[in-house]
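Presented below is the structure to which this report refers.
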Amino acid sequence: MKKVILICYLILNATFLFSQGEKVNVIVFGAHPDDCDIDTGGTAILLAKMGHNVKFVSLTNGDAGHYAMGGGELAKIRIAEAKEAGKRFGVEYTVLDNHDGELMPTLENRLKVIREIRKWNADVVIAPRPNDYHPDHRYTGVLVQDAAYMVIVPNVAPEVPPLQKNPVFLYSEDGFQKPSPFEPDIAVIIDAAFDQKIYAMSAHKSQFFEWLPWTAGNLEKVPKDDKGRLEMLANWRSQAPNEALLQCAEKWYGNKASNAKHIEGFEICEYGKQPSDEEIMMLFPMLKK
């Protein structure tokens, strides 16, 4: 009898969650072109390969992130890089026309976020936490939090139909400790997608091989050839998973987690739907012991 009840429960939840032909719709917000790639690139690849729908949205056009150029010239380059990265990830990539370094949690920007979530009919929304060294990162987190309830309110942004259900809102992993450290609820092992993630990230040439090395004082050390650049990028992103991520991964993968080299972690935001473990496994079907 208990088995029958459990099966019925799972079927009902599956029907509720997968109103779009059993495809999961995931939308990821970042402050700049390349932020979504870093935080969720491996998970996006795995979901896309399983036939699910993933969209990356950059809230700014990245027009300030370089040492030798800026403004419209740089924005065009960064938008083109994002489009190429999207192809390599297998996701849709949208770059909104806000200035880099000037993002504010305004009503106008909140409405933009609400519209993006609704148009994607999102089951899952991922964004950074609102505590970070960069104001654009912080305000991206605030804007997505502020949209978390409003996406179901018909009289807000009424030109786009409201969602019939509140999505699951997740924070992507960070290392900041105050006011509270990141606590993973979901851990996705991305070992099988890591090489593709690095290749996709490498589309952002102006960032990973110019701007970021320049800010670190290492520009002269960047390899000139593609192979060397991919190796450099892979070394940068090859930090061993911390204990919290490994423990979380063990919950979802069992003993397989002990051999994981690359994990992307996500924390459930209190403002959206609070999913059960069964619902999480439906939304992230790669979580299998």
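The values are calculated or read from the model by the stated rules, or taken from the named source; none is laboratory data. All values reported here derive from a predicted model rather than from experimental measurement. Because the Cβ atoms are built from the backbone with ideal geometry, glycine has one as well, and the counts that use them run over all protein chains shown. The protein model used for the area step is the full one, side chains on, heavy atoms only, and it has no ligands, DNA or RNA in it. Shrake-Rupley method; radii C 1.70, N 1.55, O 1.52, S 1.80 Å.
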Segment 133-221: GluC sites (Glu not before Pro) in DSSP coil with no more than 14 other Cβ atoms inside 10 Å
159
Once every Cα of segment 50-105 carries one equal point scatterer and solvent is ignored, give the base-10 log of I(q)/I(0) from the Debye formula at q = 0.16, 0.18 Å⁻¹, two decimals.
-0.50, -0.61
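May I ask you to give the percent of accessible area on segment 71-217 that is carbon plus sulfur, with a probe radius of 1.4 Å? Present the calculation step by step, with values, prior to reporting the outcome.
Details: 3600 of 6610 Å².
Answer for segment 71-217 is 55 percent, counting heavy atoms of protein chains only.
Out of all DSSP beta bridges in the chain, what portion is antiparallel? Express it as a percent rounded to 5. Intermediate results must be reported in sequence, preceding the final value.
Numbers: 7 of 24 bridges.
Antiparallel: roughly 30 percent of the beta bridges in the chain.
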Rounded to the nearest 10, the angle in degrees between the Cα long axis of helix 135-150 and the longest principal axis of the Cα atoms of the chain comes to 20 degrees
Taking Cα atoms, the helix 226-236 axis meets the longest principal axis of the chain at an angle in degrees (rounded to 10) of 60 degrees
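At 1.002 mPa s and 20 °C, plugging the Kirkwood radius over alpha-carbon pairs of segment 159-289 into Stokes-Einstein gives what diffusion coefficient in µm²/s?
Values: Rh = 17.1 Å.
Answer from the Stokes-Einstein relation: 125 µm²/s.
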Using only the alpha-carbon atoms, how far is helix 35-49 inclined from the longest principal axis of the chain? Give it as 0 to 90 degrees, nearest 10.
50 degrees
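Report the far tail of the P(r) of segment 114-167, meaning the percent of Cα-Cα pairs longer than 15 Å. Show your work: numbers first, answer last.
Details: 649 of 1431 pairs.
Tail of the P(r) past 15 Å holds 45 percent of the pairs.
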Just how large is the dipole of the chain about the Cα centre, in debye to the nearest 20, putting +1 at every Lys and Arg Cβ and -1 at every Asp and Glu Cβ?
860 debye
Which one, 133, 208, 51, is farthest towards the positive end of the dipole of the chain when Lys and Arg carry +1 and Asp and Glu -1 on their Cβ?
51
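Which translational diffusion coefficient, to the nearest whole µm²/s, is obtained for the chain from the Stokes-Einstein equation, given a Kirkwood hydrodynamic radius over C-alpha pairs, 37 °C and 0.692 mPa s?
On the way: Rh = 19.6 Å.
After rounding, the answer is 167 µm²/s.
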So with the 1.4 Å probe, I'd like the accessible area per residue for the chain, rounded to whole Å².
48 Å²
Quick one: pull the percentage of alpha-carbon pairs in segment 46-179 with a separation above 19 Å.
56 percent
